[in-house]
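Take a look at the structure set out below.
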Amino acid sequence: MAERIEQRLEDRIPELEQLERVGLFTRKEIRAVLRKASALEYKIQRRALRKEDFINYIQYEVNLLELIKKRRARIGYSFKKDEIEHSILHRVHSLFNRATGKWKDDVQLWLSHVAFCKQWNAKHQLSKVFSTMLAIHSNKPALWIMAAKWEMETRLSSESARHLFLRALRFHPECPKLYQEYFRMELMHAEKQRKEKKEFEQAKMDLGEFNYSEEILNGEMARIVYRDASQKIKGVEFQLAVLSIAKLFDFTQDLQKEILENLQARYADDPLTWDYMARRELELGSLQPTEHSTKQRKVSEMAQREERCCAVFDEAVGAVPTEAMWKCYITFCLERYNRKTNSEELKQKRLERTLSVFTKAHESNLLSEALYKQWLQLLLDSNLSEKAVEVAEAATRHFSQSVETWQMRLQVLIRLKRDDVTQCFEEAIKHVKSKGTLPLWTLWVEWSEGTNSKEDTEALYQRSLHATMPAESVTMKEMYLDWTYRNSGYKKVKRLFTSLCENRPFSLDFFKKMIQIEKEQESCKMLHLREYYERALREFGSTNTDLWLDYIKEELSHPQGKPENCGSIHWRAMKMLQGDLVEDFVSKYTLLQTGHL
């Protein structure tokens, strides 16, 4: 092994001598490079190879290349690149080849090699990398697309790109993304040939020796790709994706027409088809030129286009009366309403249209829970309070089991300061199952704190503890404790704490809250703190190291504390804590003893 490493280091000597001779590196720096290279070489020649060692070696060589590049720019020296950079590049490629040969499944390693080749313009090497990578990772369409794009855009080889796409489709015959990119590539090829032909014609050159097929120039190859894909890939999403690609090229009108006809014929019942057809009306501009149009005229034209869109949507919800179709219609209306405009008339018209569509969808019983929420928000933003109350009530009729819907209705009533809030809370609790009602109870007690008397609020807290599931009652206990302290003082909260401790479960924050309350008292008693810590440790002593450490700190720092108790607390912690927590506790305890915690 040593002989092989010595040989590799000797192979570096010519490039290092050149670096010193031309003044890019000093003799001291050359020695440092050799020492570092020697250490890195020994790491990658071991029996048990590690990927990190190869990555570190590659990164070092890349950094060296970047440093040489900066120093060349600084002193203005651009010669001897074959003797210096070429040698380093060759070594990096060799390292990458060894690493990807050893860890073939690591796609990120392959992509790093690809990125390096692109950065240093190693086209010939990159072709080899892509070829080897695709032979191993033929199951990843994204890699095929990357390779084909590079062939098309960097090497300007449509033939190679086409060949790669065809190979990829043999492995992935039903991959929509592959077909989309292949379709795009064929259109780019046609556009490239059209530009070439135009330039030759402008230069009045003889086109006899160039074979420009009219079919290819008009995108016939892309049409073939599309027709083949349409037979294998079902779904309106693919058709729309291909159509959006075709619209990027100005010579594809016939192709766009074919895709559109196919879309309407095969997917007439799909909401996305109708959504596209309706939105297409926005793109169809006015027949008259708009260069000298007044602002009022532009507003009028936009309103007309939106009306045409809505006419298509009205036809759509008649033909396809589904929740998804109404969602498309409402989403369009909300998008238009949220667009900025200086015309108050247009904004008002958009608002009226949106509210009307919401109402129609509601009357058809095809409005989703999420859309009810958006409708409510729109009504509240528009100061239509009474209508908002009606809509909220209708939403809870349709989704009587939904906590979110009841919460939404209650928030509307609270915001508008209605008298029937309590009645609505009672109705909500009656309809919704006990599991998951925590948001309703927290909302209810928060509202009660600011509205009702202390007695009513306390009764509500007591009721919530019995009504919620055990896991949810934990949150209510914390809120109850906090509210009692704020409104009734220390003695009342201490009694409440003792009472609440009779029923599990508890949260750590519940005990921490009580400890914090005790500390806030002028006559903070260590006896009480010990009681709270001991209660907390009975519940969480096996899983929480910080609780033990806080207890020890309290004994050390409190005026009434007993430092001699710390030893027994430490012993108990070592017995109770589980697994790796013991080691964590010992580390923190050591830091505490040395004054670093």
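Structure data summary
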| item | result |
| --- | --- |
| Candidates ALA48, ALA2 - the one that is farther than 20 Å from VAL92 by Cβ, within 41 Å of the chain's Cα centre (by Cα) and open to solvent by less than 90 Å² (accessible area, probe 1.4 Å) | ALA48 |
| Some residue of the range 37-45 being open to solvent by less than 20 Å² (accessible area, probe 1.4 Å), among the acidic types (Asp, Glu) and in contact with a Lys or Arg (Cβ under 6 Å, 6 or more places away or on another chain) | yes |
| One residue from ALA241, ALA265 being modelled with pLDDT under 95, part of a helix (DSSP H, G or I) and among the small types (Gly, Ala, Ser) | ALA265 |
| Unique residue being over 30 Å from MET325 (Cα atoms) and without any contact (Cβ under 8 Å) to a residue 60 or more places away in the chain when the list is LYS257, LYS204 | LYS204 |
| Positions within the range 271-284 being open to solvent by 40 Å² or more (accessible area, probe 1.4 Å) and either of a type outside the set (Asp, Glu) or at pLDDT 95 or above (or both), in sequence order | LEU272, TRP274, TYR276, ARG279, ARG280, LEU284 |
| Residue match in the range 451-468 (condition: in a helix (DSSP H, G or I), exposed (fewer than 15 other Cβ atoms within 10 Å of the Cβ) and β-branched (Val, Ile, Thr)) | yes |
| Complete set of residues in the range 89-110 that are within 18 Å of GLU17 (Cα to Cα) and surrounded by 17 or more Cβ atoms within 10 Å (Cβ to Cβ) | LEU89, ARG91 |
| GLN125 being under 18 Å from ASN97 (Cβ atoms), under 29 Å from the mean Cα position of the chain (by Cα) and open to solvent by 20 Å² or more (accessible area, probe 1.4 Å) | no |
| Residue in the range 426-450 that is most open to solvent (accessible area, probe 1.4 Å), counting only those that are assigned to a helix (DSSP H, G or I) and more than 17 Å from TYR480 (Cβ to Cβ) | LYS430 |
| So GLU323, is it closer than 27 Å to THR273 by Cβ and not polar (S, T, N, Q) | yes |
| From MET205, MET133, residue being aliphatic (A, V, I, L, M) and at pLDDT below 95 | MET205 |
| Residue in the range 403-411 that is open to solvent by 10 Å² or more (accessible area, probe 1.4 Å) and in contact with a Cys (Cβ under 8 Å, 6 or more places away or on another chain) present | yes |
| Options PHE506, PHE511: the member that is modelled with pLDDT of 95 or more and either outside the structural domain of PHE585 (by the TED database) or over 30 Å from LEU440 (Cβ atoms) (or both) | PHE511 |
| Given (1) under 40 Å from the mean Cα position of the chain (by Cα); (2) not in a helix (DSSP H, G or I), number of the condition LYS204 does not satisfy | (1) |
| So GLU15, is it without any contact (Cβ under 8 Å) to a residue 60 or more places away in the chain, out of contact with any Phe, Trp or Tyr (no Cβ under 9 Å at 6 or more places or on another chain), surrounded by 14 or more Cβ atoms within 10 Å (Cβ to Cβ) and assigned to a helix (DSSP H, G or I) | no |
| Candidate set from the range 508-543 (those that are part of a loop (DSSP other than H, G, I, E, B) and more than 23 Å from TRP483 (Cα to Cα)); member that is most open to solvent (accessible area, probe 1.4 Å) | THR543 |
| Residues satisfying the stated conditions in the range 51-87, i.e. surrounded by fewer than 16 Cβ atoms within 10 Å (Cβ to Cβ), basic (Lys, Arg), assigned to a helix (DSSP H, G or I) and more than 41 Å from the chain's Cα centre (by Cα) | ARG74 |
| Test: residue in the range 540-556 that is within 42 Å of the chain's Cα centre (by Cα) and not assigned by the TED database to the domain that holds LYS588 | no |
| Residue match in the range 285-292 (condition: open to solvent by 30 Å² or more (accessible area, probe 1.4 Å) and in a helix (DSSP H, G or I)) | no |
| Hits in the range 544-568 - residues which are of a type outside the set (Ser, Thr, Tyr) and buried (at least 17 other Cβ atoms within 10 Å of the Cβ) | ASN544, LEU547, TRP548, LEU549, ILE552, GLU554, GLU555, GLY561, CYS566 |
| Any chance ARG495 is more than 19 Å from THR475 (Cβ to Cβ) and more than 46 Å from the chain's Cα centre (by Cα) | yes |
| Selection from the range 232-257 of residues that are more than 21 Å from ASP270 (Cα to Cα) and open to solvent by 20 Å² or more (accessible area, probe 1.4 Å) | LYS247, LEU248, ASP250, PHE251, GLN253, ASP254 |
| Residue within the range 300-316 that is of a type in the set (Phe, Trp, Tyr), at pLDDT 90 or above, assigned to a helix (DSSP H, G or I) and out of contact with any Lys or Arg (no Cβ under 6 Å at 6 or more places or on another chain) present | yes |
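The values are calculated or read from the model by the stated rules, or taken from the named source; none is laboratory data. Bear in mind the structure is a predicted one, so any value in this text is a computation, not a measurement. Positions of Cβ are backbone-derived with ideal geometry, glycine not excepted, and every protein chain shown enters the neighbour counts. What goes into the accessible areas is simple: the full protein's heavy atoms, side chains included, and nothing from ligands, DNA or RNA. Shrake-Rupley method; radii C 1.70, N 1.55, O 1.52, S 1.80 Å.
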